[in-house]
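Right, one structure below, let's go through it.
The values are calculated or read from the model by the stated rules, or taken from the named source; none is laboratory data. Because the structure is predicted, anything quoted here is derived from the model rather than measured. Every residue, glycine as well, gets a Cβ built from its backbone with ideal geometry; the counts of neighbours run over all protein chains shown.
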Amino acid sequence: MSRRRLTPYLFLLPALALEVFVHFGPMIAGVVMSGLKLTQYQLAQWWKAPWAGLANYRVVLDVDQPVSASLLSSFLVTVGFTLVVVTASWVFGMAGAVALQNTVRGRGLLRTLFLVPYALPIFAGVITWRFLLQRDNGMLNHVLVDQLGLLDGNAFYLIGSNSFWSLCAVETWREWPFAFLMIMAGLQSIPEEVYEASNMDGASPWRQVRSITLPMLSSVNQVLILVLTLRTFRNFETPYVLFGGTVPDQARLISVEIYQNSFLTFNFGLGSAMSVLLLLFLMVVTAGYLALTRRRVHEV
Amino acid sequence: MRARWRAAITALAAVTVMGTGAACGDGGGESNPKVLTYWASQQSPSVQRDKEILEPELRKFTEQTGIKVELEVIPFTELLNKILTATTSGQGPDVLNIGNTWSASLQATGALVGWDSAMMDKLGGAGRFAASALATTGAEGATPAAVPLYNKVYQLYYNKKLFREAGLTDPPATWDEFVAAGKRLTKDTNGDGKPDQWGLALRGQASTVALHYAYILGSARGAKYFDGGKPTFDSPAAVAGIEQYLSWMGRDNIVNPSDAENADWADVYEAFVNHRAGMMLVQTLGKTLSDYKLTDQDYGVAAVPSIGAGGTDIGSFVGGTNISIFKATDNLSGAVDLVKFLTSAPEQVVLNTAFGTIPPVKDATGPAFDTPEVKIARQTMASRAIAMPRVPQETQFETLIGKEVVKWLADTATGKQPNGAQISAALKAAAGKVSAGG
């Protein structure tokens, strides 16, 4: 390689090294920590903690042990939560974007309104939901029980099995504007003439959505679904704020579980092992998803 | 190529580790004698008010010693995480407050300066402090890692108006009387067939508080939660204590089921102030209720009821705040001076009066400590309060059991109070989590 060809790479090298360090440094530290027996005894000098090999992983993966059983249940809750939230967010986002695709009166206002949950600070938004969902003073029970008389007694939304659906509702409320935004941007790139031509052929609006909008959005949807899934799967703030610290079993997401294992029970090695497994799982899902969808997107 | 990558990754990992490691000296330097950083725990209802209370006192310290104190007030909910981060990075304050129940756990990290008798002599000797407070400064038999600063114990607060209306003259002295009083206080006041006034208000979603009740009620029956370092959570006494707590909402029906959602003390105070609950069991409140415009005409203070015959008379654990020195300090003698200043008799009077807490030092006296509330608290401290388990796994115990009790109360609220066998099995599983990987 001649010196001239090498020079630009030499200039790039410091930036690249820094980027690699910032990007992968914490990940590698996490992987290293997952191999350590790291509890409060070693915390002040954690780099001297004894090597545990795969012991942490064995504890995490042995379903007969309480740690693993509780991780598994939170994993299943997270899978269900992600499926519900991603589906609902996408459906709402799609419906909102298609509805506002054609010039309707007040379109700008509605668009802005739809984006409010996305712009609101997480804490402010979620704590408001907490107030709405309270059993005695919450607005939901006030409307359902006192005004409409649909329910007999006041139901609980923040504890027990309803807490899962409360969490899904709040998270969908937070995520769907993102889907709306992405799909709206995608719709702008579909040429107007295609719709005009199909109008001439007498296609119904429903047929237009199925045969024009959806196929032409497939590349946007591919990215959108992936990003939504990853964001939802790793969600921590929503349950943490909504349930005020102690998250009910039915709504305990995997990141809450990892947080509890690391910071509340001081077992950082175990928490890191769980994080690494989560990372691996999401990498496998992402790779599988991209491999599956790539061909279909290219066909269009 | 592959070998080169491996070398690069190894080097990177080494740099990461050393970058963090280099910052962590092993403690107690004197290189920065004129400045101290102090992390104070939030003791009053707002961070701002804590600052207003502490800043004038710290100015006095600066005048006396010439050492400038950089104060940061941290809410208890964030404090433990911040301390752990500081411990890992070695970048932290010089002096810090800790929840006194964390003493043994944080002691085990090795990040706190030890208080042997030579160190304690700089504060006037260990004899200045109440014995029950000293029992909260670290693991049994180890050199203490902290010094008591403020103390609190559980007390029974009762609403005088509701007691009068229910024909109750005296606060209950035993748990049986407590439940009986609760039943008389629980009633339907607006005639819709559902009770809207209750005997007791609970902060049901807070795992720390749930654990406190479980520990107090279980210990009164003789429960021991650790055998050495080994967790023994599922003793019949521990189960019975938890069942007693759950039954207040379940079988006895003297607590509003909605209280299972209460995440903050403010929810409990509001029910009490607005005459929706006749009693509450909380740690020494000091001036909190005067924020709600209540005076001692409106509420009374009594000791936590006792179990009566067949149990140990335990009314509280020794709650409160300790003060410690971080080993990574670069101003050890200044840090000792600050601890000495804050634990001196005059400062103890000022601070404990302002925060409504009980001074752990015996020589702090004054009119502010002659109220019935403080007198009862001091009696409880002296004869009816025990320390939380003095083992390094204490914070794990608090979190794991606290979380379980919160869940059971939620089950109770929805009409499914767990039975003893279910409680026992879950306590056993929680014990399994303590030993796992650690």
Expected single match for among the basic types (K, R) and under 30 Å from B:V391 (Cα atoms) among B:R164, B:R128, B:R184 is B:R128
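Go through the range B:99-137 residue by residue and tally those that are in a helix (DSSP H, G or I) and not hydrophobic (A, V, I, L, M, F, W, C).
Qualifying residue count, the range B:99-137: 12.
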Leading residue by the ranking (surrounded by the fewest Cβ atoms within 10 Å (Cβ to Cβ)) among those in the range B:136-153 that are among the hydroxyl-bearing types (S, T, Y) and either touching a Lys or Arg at 6+ places or on another chain (Cβ under 8 Å) or under 20 Å from B:A40 (Cα atoms) (or both):
B:Y150
For the range B:107-130, how many residues are touching a residue at least 40 places away in the same chain (Cβ under 8 Å) and within 14 Å of chain A (Cβ to nearest Cβ)?
6
One residue from A:G53, A:G80 being under 25 Å from A:L253 (Cβ atoms), more than 10 Å from chain B (Cβ to nearest Cβ) and either over 28 Å from the mean Cα position of the chain (by Cα) or assigned to a helix (DSSP H, G or I) (or both):
A:G80
Somewhere in the range B:350-358, is a residue modelled with pLDDT of 95 or more, of a type outside the set (K, R), touching a strand residue (DSSP E or B) at 6+ places or on another chain (Cβ under 6 Å) and more than 17 Å from B:A206 (Cα to Cα)?
no
With the structure loaded, tell me whether A:I183 is at pLDDT below 90, away from chain B (no Cβ under 14 Å) and under 24 Å from A:A97 (Cβ atoms) or whether it fails that test.
no
Considering only the range B:273-301, state which residues are under 24 Å from B:T321 (Cβ atoms) and either in contact with a Pro (Cβ under 7 Å, 6 or more places away or on another chain) or crowded, with 17+ Cβ neighbours inside 10 Å (or both).
B:M280, B:L281, B:V282, B:Q283, B:T284, B:L285, B:G286, B:T288, B:L289, B:D291, B:V301
Just a yes or no: is a residue in the range B:377-391 of a type in the set (A, V, I, L, M), surrounded by 20 or more Cβ atoms within 10 Å (Cβ to Cβ), over 22 Å from B:P144 (Cα atoms) and modelled with pLDDT under 95?
yes
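Okay, residues lined up against (1) away from chain A (no Cβ under 12 Å); (2) surrounded by fewer than 18 Cβ atoms within 10 Å (Cβ to Cβ):
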position	(1), (2)
B:T189	yes, yes
B:K194	no, yes
B:S219	yes, no
B:K224	yes, yes
B:G228	yes, yes
B:I242	yes, no
B:E261	no, no
B:Y269	yes, no
Being closer than 30 Å to A:N154 by Cα and of a type in the set (F, W, Y) is the filter here, so list the residues in the range B:223-257 that pass it.
B:Y245, B:W248
Go through the range B:247-259 and report how many residues are more than 14 Å from every other protein chain (Cβ to nearest Cβ) and surrounded by 23 or more Cβ atoms within 10 Å (Cβ to Cβ).
2
Which one of B:K416, B:K428 is part of a loop (DSSP other than H, G, I, E, B), over 21 Å from A:M274 (Cβ atoms) and at the interface with another protein chain (Cβ under 10 Å from one of its Cβ atoms)?
B:K416
Pairs please, first residue from the range B:131-159 and free of Cβ contacts under 8 Å to residues at least 24 places away in the same chain, second anywhere and surrounded by fewer than 24 Cβ atoms within 10 Å (Cβ to Cβ) and of a type in the set (S, T, Y), Cβ atoms under 9 Å, 6+ apart in sequence or on different chains.
none
Give me the residue from the range A:39-50 that is in contact (Cβ under 8 Å) with a residue 12 or more places away in the chain and at the interface with chain B (Cβ under 9 Å from one of its Cβ atoms) and, out of that set, surrounded by the most Cβ atoms within 10 Å (Cβ to Cβ).
A:Q40
For the range A:9-47, give me the residue count where each residue is within 20 Å of B:P392 (Cβ to Cβ) and assigned to a helix (DSSP H, G or I).
8
Criterion first (within 11 Å of chain B (Cβ to nearest Cβ) and among the acidic types (D, E)) does A:D201 satisfy it?
no
For the range A:219-246, give me each residue that is buried (at least 21 other Cβ atoms within 10 Å of the Cβ) and free of Cβ contacts under 8 Å to residues at least 40 places away in the same chain.
A:T246
